[in-house]
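For reference, the structure is listed below as structure tokens.
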Amino acid sequence: MKNQNASLFQKDLVNEALKQSFIKLNPRVLFRNPVMFTVEIGTFVMFAVCIWILSGNTTQGSFGYNFVIFLILLLTLLFANFAEAIAEARGKAQANSLRKTREETPAKLVTDNKPGFGVATQSVMSAQMKKGDVFICEAGDNIPTDGEIIEGLATIDESAITGESAPVIREAGGDKSSVTGGTKVLSDKIKVMVSTAPGESFLDKMIALVEGASRQKTPNEIALTILLAGFTLVFVIVCMTLKPFADYSNTPITISAFISLFVCLIPTTIGGLLSAIGIAGMDRALRANVITKSGKAVETAGDIDVLLLDKTGTITIGNRKATHFHTAKGVTDNHFIKNAVLSSIADETPEGKSILELANASPSTYQLNDPKFIKFTAETRSSGVDFEDTRIRKGAFDSIRNLVTQAGNQFPSEIDERVKMISNNGGTPLVVSENERVLGVIELQDIIKPGISERFERLRKMGVKTVMVTGDNPLTAKFIAEKAGVDDFIAEAKPEDKMNYIKREQEGGKLVAMMGDGTNDAPALAQADVGVAMNSGTQAAKEAGNMVDLDNDPTKLIEIVEIGKQLLMTRGTLTTFSIANDVAKYFAIIPALFIASIPALQGLNIMGLNSPQSAILSAVIFNAVIIPFLIPLALKGVAYKPIGASALLRRNLFIYGLGGILVPFVGIKVIDLVVSIWI
Amino acid sequence: MNTEILGVIAMYAITILMAIPFGKYIAKVYAGEKTLLDPVFNPIENLFFRISSIDRKVEMNWKQHMVALLTINFVWFLLGMFVLMNQGWLPLNPDGNPGQSADLAFNTSISFVVNCNLQHYSGESGVSYLSQLFLMFLHFVSAGTGMAAAVVLFIALKEKTAEKLGNFYNLMVVSCTRILLPASILVATILAFNGMPMTFEGKDSIITMQGDTVGVSTGPVAAFIAIKHLGTNGGGFYGANSAHPLENPNYLTNMVEMFSQMIIPLAMIFSLGYFLKRKKMAWMIFGVMTVGFLVLCVPTIIWEVQGNPALAQMGVDMGAGAMEGKETRIGSAASGFWSIATTVISTGSVNAMHDSSMPLSGMMQMLSMMTNAFYGGCGAGILNFFIFIILAVFISGLMVGRTPEFLGKKIEGREMKIAMIVALLHPLLILAGTALAAAFPAITSANLNNPGFHGFSEMLYEYTSSAANNGSGFEGLGDNNPWWNITTGFVLILSRFIPIIGPVAIAGLLAKKKYIPESAGTLRTDSATFGMMVLAVIVIITALSFFPSLTLGPIAEYFSMR
């Protein structure tokens, strides 16, 4: 799926884009782009001039010359349309290949609404399924459409979506309950409720976004369009007033010369590439396996000031593992370990499992009579089991301490010491109690991902503050935060802590991005300026965020920020380039306009262009061909370098500003040398 | 020749050195801090406010500011029309000058209200002393208006999030009483001691060497000339402006007048730094403006000092430079310098005839007004420059991968729309005005002193000067007739008030927005790099809009002269 190495111009995409380039000539479509729309008007005028000449007019020069100008203007329009079309085609192709995987899969629709798997089913095609329908998938089945598991657990191969070959486990309840259409069940059985109506999945929305029908201009695009429309208007004024000026100095100027001057001066380069740049931004996000719900989200990502990152999976590898049992005084090691295992039997978290591993025990080691398992909640921050009259609890230091002291018991001082020591070493202590008496503490350790601190350094240079969110106690959190190089951390984070942190930063004017998967993340995802939901997450989380990450990769946020910055930079640099081009175009066309009647102005012809006609032609040709030359840049985006804003501005100003002044001097001169062979 | 150049450098350097402490004083005045002049002016100001029953402590939002500004300007305009049309029978008219025609009074009144002072009359015969006094009043208040508007911008940029931006009347009155008035008294005293008339006596008469009796116009000249320059007004007492011996008697008065017209625009830049506590920002603005100024000024001085090649070929000695249309007591270097200073700053007073400048010098003078962003008039300069900052912030913000922001406020569609309208207006008025004039040669060409390229330059210059609220003239143009009076009158109104309302509106909108703290990703807007960007935006916008018209005027003339 990750075909990042695919060439920019695949043959079938180019064919489709070529077709679209002509369809997009429709003035009603082009009207949305004021710069190119005025070029179209100019093209129509040139067409009329050609007909005028054919019908006997002699003041406007030869038919051939005028017709060539007309053709070049038409080509300019087609090039601009092609840029947009190829960007659309690429996005659509990418999205379609994702969508194809889920088309027309047979599904086992549940017809009677009973729990369990022994229910009647009926085979229907996936396209006929409605939101709220329930279906069953067994080993070997393709999942027909997006949904949420309501019963069961299964290993699923998501490589069709993520490109990741390792199977993942999805199960009912909790934060990993979503399945995606097109993925395959490898083992076990699940019962899934359809979560989106056909044609309304995120992928469908994304495709619609790329296709343009529902693509709305982002605030920044609007502001830039105003700037470009302003520049276009300046040149409308310049060209219209030039007519009386020229008449005053007895210098007749042909219509083709006026139109050429006008088209060359208005910012056609950026005007032609603007929408392609926007679409390409979404394409790039999609290529990174991120589905965006709006173009604005990508743009906002470039502005992010604060990044909330979950510790687990982002900063540390996978999960913490139990590394030590520290027994309290007066308790035997065996008793402590037994109870630690009992408290973790029903604990499906990797930490829970690692405790069993360390104790070398399995859930069946101990038999219990009528056990009542207490699930972990973010509020109690402990879990455990009740059986007979024994209450075993395992949880964070302070929650167990509350439990113990409320029952009137002493919290042993050596365990207190031990907890602090573990925390200071970056570990996580889990205290185990039996009937409100402390038995000991389990030490869990984190492993920080290699290379992650370099990424944080890069983010810091971009001006992005990183915040680690963790359920760990402040000491552990601080240790890991320092080791990984994040700027801030939220320890012992409850869902509302995230929310409050986001709100506080936003009140200070910052833009905040976060990633989440659970239903309890949903409010924070909605509150964040950029909320990225993991595809494996719950439906609620996916609805709340404005992006969905198909890879479930928490480090993706960093990539998303860079994609957003690239998008804005590409707009800025091409605008600069486009406007800087005008300097050379002036020096090509202005002398050409007046030389016939004011020979002294030959002094302005600093490029030494061959003749007025070849000078104008060269400028118009340069203006047209620069668009396809820049399409790859528009699609790939200008590379972002985290070297500080001023240095970046200097760099881009040098390349695209100075380059924008110099390149057309060379380009126009070269084209003139070629063109003057014929005229 | 070296002495002449040294004189120019000294004049410029002294002004800059004095502008820094003066800027600090201005910032203090607007911040309402204690100054030495409090005991003198507090009672006077309080008297004004009591009579007009204005509470200077009531703060206004940007819209209320603009309503106040427009209303009071309209009242002044009507008063001006009345005085000018009826000066014939009103008191203080010892020379018995007649009332002005309606179209001339319209043009005169507007052009003094808007700080432009395009004078389509000659002071000696066109106005009475009462009119001169009223015009002097307008000299003060039009400068005060511009400065007050600029300070609204300062306040908007200073506050993190604010709706109320001070009281307009208070800002305007303190601009006049605390800044313009004391400086004017000082300058007028120096000028009077250097032989400038200061009297209400009416015409004097002398007997020339030939034995003829000649009437010499006098009047309250020294007071008038001081504020004419301090307020960057430029409207002269005499028709020949500061080229007239009684309006600019010697090299020293020339220096003082030069100093007076540059000091407030320069000091306003530094006061912005002190007021916002962003001195680096002030230096960035100063740097950009100075580079722009020097690029315009240095070649002009060189061309003027070199003299006219066409005349040199005829065997005329060009040792003193191109002296046609210049005063020998001032010389070519100081005249060249003045011609750029007066056009860059929107003064528009002249000490030599710009019509006689070398073609490319004429182009530089026009470019100074076409850019209209280097130093600029009292207050108006900073407001104009602010538009270019917004445009530069927008483009460069994108170039560093952030949606653009200035001083912690996001620049979005609405701000861009306003900035673009203001930026567009200037070329529109100049080019459309000139195009109209060029399209009706039957009406306009009769007024031109010269045919061909130079005649075209004369028309272009007139509209440029109006649109830049400058007021200088190429002076080859016979401009006192309905066509020029009325068309330039409208250009004046639009080009004064829209470029004031626009930036203040943007600032008001920005002030209301949420403040975004700076981070490492934020583009610093007080750096040299950003300054370069602003300069590029200014140069490209003006060069791009005016290149074709300049080609047909001064550039064509230059190439034909070689």
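Given Cα positions, please report Rg to Rh for the protein assembly as shown, the hydrodynamic radius being the Kirkwood one.
Details: Rg = 38.1 Å, Rh = 35.0 Å.
Looking at the protein assembly as shown, the ratio lands at 1.09.
Using a simple spin-label model with pseudo-atoms 7 Å out from Cα toward Cβ, A:Q128 and A:T365 lie 5.2 nm apart. On a 0 to 90 degree scale, rounded to 10, what angle separates helix A:556-594 from the longest Cα axis of chain A? Taking Cα atoms only, the helix is inclined about 10 degrees. Straight Cα distances below 18 angstrom link B:K24 to the aspartates and glutamates B:E33, B:D38, with same-chain residues fewer than 8 positions distant left out. Please name whichever of B:F530, A:S382, B:P482 sits farthest to the positive end of the charge dipole of the protein assembly as shown, dipole taken about the Cα centre and charges placed at Cβ: Lys and Arg +1, Asp and Glu -1. Projecting each Cα onto the dipole axis, the largest value belongs to A:S382. Could you please state, rounded to a whole Å, how far the C-alpha centre of region A:574-630 is from the C-alpha centre of region B:1-37? Between the Cα centre of region A:574-630 and that of region B:1-37, the gap is 45 Å.
Per-residue mean of foreign Cβ neighbours for B:404-413 is 3 (Cβ atoms of other chains, 10 Å radius).
Please work out the FRET efficiency for the pair A:K114 and A:A139, using the Cβ-Cβ distance as r and a Förster radius of 25 Å; give the result to the nearest 0.05. Mind showing how you got there, number by number?
Working: r = 22 Å, r/R0 = 0.88.
Approximately 0.70, to the nearest 0.05.
When the Cα positions of B:V187, B:I500, B:I390 are compared along the charge dipole of chain B, B:I390 comes out farthest toward the positive end, with charges on each C-beta of Lys, Arg, Asp and Glu. The residue among A:I345, B:V214, A:T538 whose Cα reaches farthest toward the positive pole of the charge dipole of the protein assembly as shown, with charges on the beta-carbon of Lys, Arg, Asp and Glu, is A:I345.
Antiparallel DSSP bridges in chain A: what percent, to the nearest 5? Can you show the working numbers first?
Details: 58 of 77 bridges.
Antiparallel: roughly 75 percent of the beta bridges in chain A.
Taking θ as phi - 60° and the Karplus parameters 6.51, -1.76 and 1.60, the scalar couplings of region B:354-365 work out to 5, 4, 9, 5, 4, x, 6, 4, x, 5, 5, 4 Hz in sequence order, x denoting glycine and proline.
Below 8 Å, C-alpha to C-alpha, sequence gap of six or more: please give me the relative contact order for chain A in percent. Mind showing how you got there, number by number?
Working: 1298 pairs, mean separation 98.1, N = 679.
Value for chain A: 14 percent.
Give me the log10 of I(q) over I(0) for region B:280-561 at q = 0.08 Å⁻¹, as the Debye formula computes it from C-alpha points; what are the numbers? Normalising to I(0) and taking log10 leaves -0.36.
Would region A:321-445 count as rounded, prolate or oblate if I go by the C-alpha gyration tensor, calling it rounded below 1.5 in a/c and otherwise prolate when a/b exceeds b/c, oblate otherwise? If you can, show how the numbers build up before the last one.
Numbers: a/c = 1.43, a/b = 1.16, b/c = 1.23.
Rounded.
State, as an integer percentage, the relative contact order of chain B based on alpha-carbon contacts under 8 Å between residues 6 or more apart. The partial results should precede the final answer.
Details: 996 pairs, mean separation 105.6, N = 562.
Value for chain B: 19 percent.
Could you give the angle, 0 to 90 degrees to the nearest 10, between helix A:350-359's Cα long axis and the longest principal axis of the Cα atoms of chain A? Between the helix axis and the principal axis of chain A, the angle is about 40 degrees.
Dipole magnitude for region B:280-561: about 1360 debye, using +1 per Lys or Arg Cβ and -1 per Asp or Glu Cβ, origin at the Cα centre.
Give me the percent of DSSP beta bridges within the protein assembly as shown that run antiparallel, rounded to the nearest 5. Antiparallel bridges: around 75 percent, rounded to the nearest 5. Peptide B:540-550 has a mean shielding of 5, counted as Cβ atoms of other protein chains within 10 Å of each residue's Cβ. Residue exposure proxy: B:I16, A:I72, ordered by other Cβ atoms within 10 angstrom of their Cβ from fewest to most, comes out as B:I16, A:I72. In summary, the aspartates and glutamates within cross-link reach of A:K296, defined as a Cα separation below 15 angstrom excluding same-chain residues under 8 places away, comprise A:E221, A:D283, A:D529, A:E562, B:E412.
Here the Karplus relation 6.51 cos²θ - 1.76 cosθ + 1.60, evaluated at θ = phi - 60°, turns the backbone of region B:195-210 into coupling constants of x, 7, x, 8, 7, 10, 6, x, 4, 9, 9, 10, 9, 6, 4, 6 Hz, with x for every Gly and Pro.
How large is the charge dipole for chain A, taken about the Cα centre, if only the Cβ atoms of Lys, Arg (+1) and Asp, Glu (-1) carry charge, to the nearest 20 debye?
Details: 67 positive and 70 negative charges, 383 e Å.
Computed charge dipole of chain A: roughly 1840 debye.
Normalised by 2.2 N^0.38 Å, where N is the number of residues, the alpha-carbon radius of gyration of chain B equals 0.93.
When only C-alpha pairs under 8 Å and at least 6 residues apart count, what is the relative contact order of region B:280-561, in percent?
Working: 399 pairs, mean separation 69.2, N = 282.
Here the relative contact order equals 25 percent.
Using a cut-off of 26 Å between Cα atoms, the listed pairs B:K34/B:K279; A:K293/A:K461; A:K184/A:K375 include A:K293/A:K461; A:K184/A:K375 as exceeding that distance.
Positive contributions from Lys and Arg (+1) and negative ones from Asp and Glu (-1), summed over other residues with Cβ under 11 Å from the Cβ of A:P363, come out at -1. Cross-link reach is defined here as a Cα-Cα straight distance under 13 Å, omitting same-chain residues fewer than 8 places apart; for A:K19 the aspartates and glutamates meeting it are A:E84, A:E88. Using the Cβ-Cβ distance between B:I206 and B:K34 with R0 = 60 Å, the FRET efficiency computed as 1/(1 + (r/R0)^6) comes to roughly 0.75. With R₀ set to 25 Å, the beta-carbon distance separating A:F31 from A:N96 gives a calculated FRET efficiency near 0.35. Placing dummy labels 7 Å off each Cα toward the beta-carbon, the span from A:R651 to B:I54 is 5.3 nm. Against the main long axis of the alpha-carbon atoms of chain A, helix A:219-248 sits at an angle near 10°. Positive contributions from Lys and Arg (+1) and negative ones from Asp and Glu (-1), summed over other residues with Cβ under 14 Å from the Cβ of A:E388, come out at -2. Each label point was placed 7 Å from the Cα along the Cα-to-Cβ direction; for A:N500 and A:I643 their separation is 4.3 nm. Segment B:I44..B:V316, full-extension length gain: 92.0 nm, with 0.36 nm per residue of separation and the alpha-carbon distance subtracted.
Each of A:D112, A:D157 has some number of other Cβ atoms within 10 Å of its Cβ, and from fewest to most they run A:D112, A:D157. What is the local net charge at B:K203, summed over the other residues whose Cβ is closer than 11 Å to its Cβ (Lys, Arg +1; Asp, Glu -1)? Here the charged neighbours net out to -4.
Counting only Cβ charges, +1 for Lys and Arg and -1 for Asp and Glu, the dipole size of chain B around its Cα centre is about 2600 debye. Among B:W283, B:W338, sorting on how many other beta-carbon atoms sit within 10 Å of each Cβ, with the fewest leading, yields B:W283, B:W338.
No lab work stands behind these numbers, since they all come straight from the coordinates. Computed from a prediction, not measured in an experiment: that's the story for all the values here. Cβ: placed from backbone, ideal geometry, glycine included. Neighbour counts: every protein chain shown.
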